[in-house]
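**Q** My questions will all concern the structure given below.
The values are calculated or read from the model by the stated rules, or taken from the named source; none is laboratory data. Values in this document were obtained by computation on a predicted structure and should not be read as measured data. Heads up, the Cβs are rebuilt from the backbone with ideal geometry, glycines too, and the neighbour counts pull from every protein chain shown. Ligands, DNA and RNA are stripped out before the accessible areas are found, and what is left, the full protein with its side chains, is counted by its heavy atoms. Shrake-Rupley method; radii C 1.70, N 1.55, O 1.52, S 1.80 Å.
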Amino acid sequence: MSKSAETEGALETRGIEQVPDHERTARPRQLFPTWVGANISVLLLTMGASLVVAYHLNFWQALIVAVAAPIVSYGLVGLIGIAGKRGGAPGMALSRAVFGQRGNLLPGSLIWVARWGWETINAVTGAYAMLTILDILFGIKANNVLDMVMLLAFVVATFAISGLGINAVQKCNKYATYFFGVFSVLVLGYLVVDTDWSKVMDHSAGSTASVITGVGMIAAGGVSWIPSAPDFTRYLPRTASSKAIVWTAVGGAGVVVLPMVLMGAVMAVSTPDLASASDPVSFLGEILPTWIAVPYLFIALIGMLLINSMSMYSAGFTAQTLGIKVPRHWAVSVNAVISLVFGGVLMLVATSFMGSFIAFLSLLAVAFSAWVGVFGADMLRRTEYDGRAMADTTRTSAYWYKGGFSPAAVAAWAVGLVSGLMFTTSDWFTGPLATNNVIGEYGLGWVATIVISGVLYLVLPKPAPAPRPTADEIAGQPAATGV
């Protein structure tokens, strides 16, 4: 991605500090494989199946959902990614300019914890893919011990890629994009020939409310990437096209989401159990012939590996902004251990993987959206970020505001978060306002969160940044404590 990363070798040593302008030599088109890789997940197949089985949508309604969802979610990913080229730093480091040095710990902590769950889901799905391959090729059946061995192998591989840094992540995404494209064409071709299309097209249409709910459900997965967007755009020069950043995100996600959601919807007509399978990937071995199923599962495995690597890569930055003063690649290891522990619990205890996943997804989206609303609203008035102020976590920082907090940002975030949860319903939690209203009926609690927190931040009075200290003042102060 950058000249310095190439000269330093495979391991990226840069943390949350601002990338100097002379190192920012990337191009927006290089982000296309990033957002392709962020979506290569068989969970999209099961979610596509849910559109037919749970929401009773027909093929054309599923098509509308598959087109609209990535436009909504990854349009936001691209828009927030613009902050990366403006500030040259990861998203949660730029967030210090919005929330204040201490205030940023609040959304930062919640987002970090939310990533634990996202990485756990990905790790379990990757382990299931490896177990299915062993079953198809060698007839080896899963058991508790083998489950844990496969989970450990997946988490270790994830840590290796994310620990190396952005060059490793980008190169893996590039090659995975090619492989995914080839084998997706094979699967699509097989489904076109083998599917009873009259049965697919005769499926009755669902309600408009169900279509909107489907868009919200699938878009919620993309929302989890929004705070990470600047992590992957910070090597872009300040002059990079903002439109290109947005369309690269939408296009990269769309070329994966569209075919996979539709494939899941088509498969569900003949295999309705797909939408409620406790193991989200083994059905591929039953639906597809071995010569397609095995390589496709390998690609799905690689995809889940890359998704988790990208998530852990960003989580390492988040950990650093929370004050964990270790190099980025070691900060990643904290999330690796957590996903291993939580993944083991999910594989051994959970009875319905998809039920747990959808419930988690609805709550996860709200947790990320509260930050998105405030940060996005702040971008309307802020075009650049002070790298020195971001790194300085003492009272001398221009982003110290009032006691280290920006009252407007923290208040808007908290109110948006609570309000979004009140409108959210899932298997685990149902807010008091989640019924008898449009937002709750459509599962759009995360949308309400973004709107409420963003509007509230815009109308609240904002504290002015503290004036930058003079050279004499800097010389008399102790060294900044940023990591």
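**Q** Could you grab me the full set of residues in the stretch 55-85 that are open to solvent by 30 Å² or more (accessible area, probe 1.4 Å) and in a loop (DSSP other than H, G, I, E, B)?
**A** Y55, H56
**Q** When both residues are 6+ apart or on different chains and their Cβ atoms are under 8 Å apart, which pairs have a first residue that lies in the stretch 366-393 and is in contact (Cβ under 8 Å) with a residue 12 or more places away in the chain and closer than 17 Å to A229 by Cα, and a second that is of a type in the set (G, A, S) and open to solvent by 20 Å² or more (accessible area, probe 1.4 Å)?
**A** Every condition considered, the pairs that remain are A370/A414.
**Q** List the number of the failed condition for A68; all other conditions in (1) within 17 Å of the chain's Cα centre (by Cα); (2) at pLDDT 90 or above; (3) among the small types (G, A, S) hold.
**A** A68 satisfies every listed condition except (1).
**Q** Checking the structure you have, find out if any residue of the stretch 230-237 is surrounded by fewer than 24 Cβ atoms within 10 Å (Cβ to Cβ), at pLDDT 90 or above, in a loop (DSSP other than H, G, I, E, B) and not small (G, A, S).
**A** Within the stretch 230-237 (the criterion being surrounded by fewer than 24 Cβ atoms within 10 Å (Cβ to Cβ), at pLDDT 90 or above, in a loop (DSSP other than H, G, I, E, B) and not small (G, A, S)), the answer is yes, since at least one residue qualifies.
**Q** On to the next question. If I filter the stretch 289-314 down to residues being of a type in the set (F, W, Y) and over 13 Å from the mean Cα position of the chain (by Cα), which single residue comes out as nearest to L151 (Cα to Cα)?
**A** Once the filter is applied, the top-ranked residue is F298.
**Q** Give the residue that is nearest to T25 (Cα to Cα), with candidates limited to residues of the stretch 238-261 that are under 14 Å from the mean Cα position of the chain (by Cα) and open to solvent by less than 10 Å² (accessible area, probe 1.4 Å).
**A** Only one residue tops the list, namely A249.
**Q** OK, next. Hey, can you tell me all the residues within the stretch 379-417 that are within 25 Å of K85 (Cβ to Cβ), part of a loop (DSSP other than H, G, I, E, B) and not small (G, A, S)?
**A** L380, R381, R382, T383, E384, Y385, D386, D392, T393, Y399, Y401
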